[in-house]
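None of the figures in this text is laboratory data; all of them are computed from the coordinates on show. Since the model is a prediction, treat every value here as computed from it, not as a measurement. Note that we place each Cβ from the backbone using ideal geometry, even for glycine, and neighbour counts take in every protein chain shown.
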Amino acid sequence: MPKIRFILSKQPDPALDEAAIIKRLKEFYTALQDKRQISEGIPQEERAAHNELWRYPQNDVPKSLEIRIRRWAQKIHRHHLKEVEPTRLSREDRAMLEGCRNGAEIVGLRSAHHIDEIAAALHAEFPWVSEATTHVWRSLHHNRSSGMPGARFAPVLLDGPPGIGKSAWGRRLAQLLETPDMTLDATGENASFGLIGSQRGWSNAGPGRLVSLMLMRQIANPLVIIDEIEKSGTPVSDKGRAFSLPNALLPLLEDLTASRWTCPYFQNQFDMSFINWVFTSNSLRGLPEPLLSRIRVVSVPSPTQGQINDLVLREAAKRQLSPLITAAITTALAEAFEAGHQINIRTIKRMLELGSDQQGRPMLH
């Protein structure tokens, strides 16, 4: 997989780590001892004996000099960190960043045919989400033809009634793209902090789930699903400062600002412009216009009776349900449709799970 420069800020140089500096200073001292012995005319046989003595760890350098070397190394290391880190990072934080020092990989697409296969699979499994699938298909083809690296599509918002598989569509898309994914429930009070992290100095300061995922997997184009974005809260600090999730998302949805996004916790700049975004909502009411203007909004209808029936048959085959149990489920759903009941994917999932449990029960004698 190709790589991009993910961490844009200057990173600490391993050569200026305290232990590395101490090692070099001790080696320099040993080299000086060798030169002194040569200048004093000590025979080579005796110099070898001296050199073996110098290389014993306990006799490497005099104790007083070892203390001085350690102090020099600490001073050089602290001065270096002040240059590269606006905020002093812990050893654990630096370890998180170290994996992406040389860039992050981008999950790519094998060919144009690969894009068509992804769209075909989504159309077959989620036919009622066809408009969003077509949007992703066109976007992937456009980015590939324009020479952009990796699997990347324009942000999309699936708006429709609850329980019709909007989030499942996003997770299935991530599987087909073979890229890491994460789902964030926007109804959480601290959803914005959970996504992007919080600034140092706060009692609960920490990196966001998004940056943590990308640093851990070392992938620059994960797929992020934000569930029920219209229900996101707005936490307020003790000083009255509001932190809403839509406002936190705005710089991440614009290529210009996302390509040089500053993490509030690490205080480093990251290239977040390759992230794939899928939003879901049950209503567009309350969503700010600046957010909607950055996202392709797709209205997703409830699946029809025929689509529900196809889904049941497909899932029943995967679970190896008997024809009798499968027929019982499809009959019950047909009666529910005739009675005017709203059927969603969650209802189907529960019925299939009950069918599996029923089939797995031992026979009573």
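Just a few scattered comments:
- If the chain linking Gln199 and Glu289 were pulled fully straight, counting 0.36 nm for each residue of separation and taking away their Cα-Cα distance, it would gain 29.7 nm.
- The calculated pair-distance distribution of the stretch 239-293 uses every alpha carbon pair, bins of 10 angstrom beginning at 0, and gives 20, 47, 29, 5 percent.
- Here is the list for the stretch 261-365: trypsin sites (Lys or Arg not before Pro) lying in DSSP coil, each with at most 11 other C-beta atoms within 10 angstrom of its C-beta, are Arg285.
- Relative to the current alpha-carbon distance between Arg78 and Leu16, full extension at 0.36 nm per residue lengthens the span by 21.4 nm.
- Here's the picture: a label point sits 7 Å out from the Cα of Asn344 along the beta-carbon direction, and within the stretch 275-314 the residues with their amide nitrogen under 20 Å of it are 278-287, 298-312.
- Residues whose placed amide H lies under 5 Å from that of Leu157, excluding near-sequence neighbours: Phe279, Arg296, Val297, Val298
- The length gained on full extension between Asp310 and Leu324, counted as 0.36 nm times the residue separation minus their Cα-Cα distance, comes to 3.4 nm.
- Pairwise FRET efficiency - Asn282 versus Ala317, Cβ, R0 = 30 Å, nearest 0.05: 0.45
- Each residue of the stretch 312-323 was assigned a 3J(HN,Hα) from its phi angle through the Karplus curve 6.51 cos²θ - 1.76 cosθ + 1.60 (θ = phi - 60°); the sequence is 4, 4, 5, 6, 5, 5, 5, 7, 6, 6, 5, x Hz, with glycine and proline shown as x.
- For Trp261, residues with placed amide H under 5 Å, excluding near neighbours: Phe270, Met272
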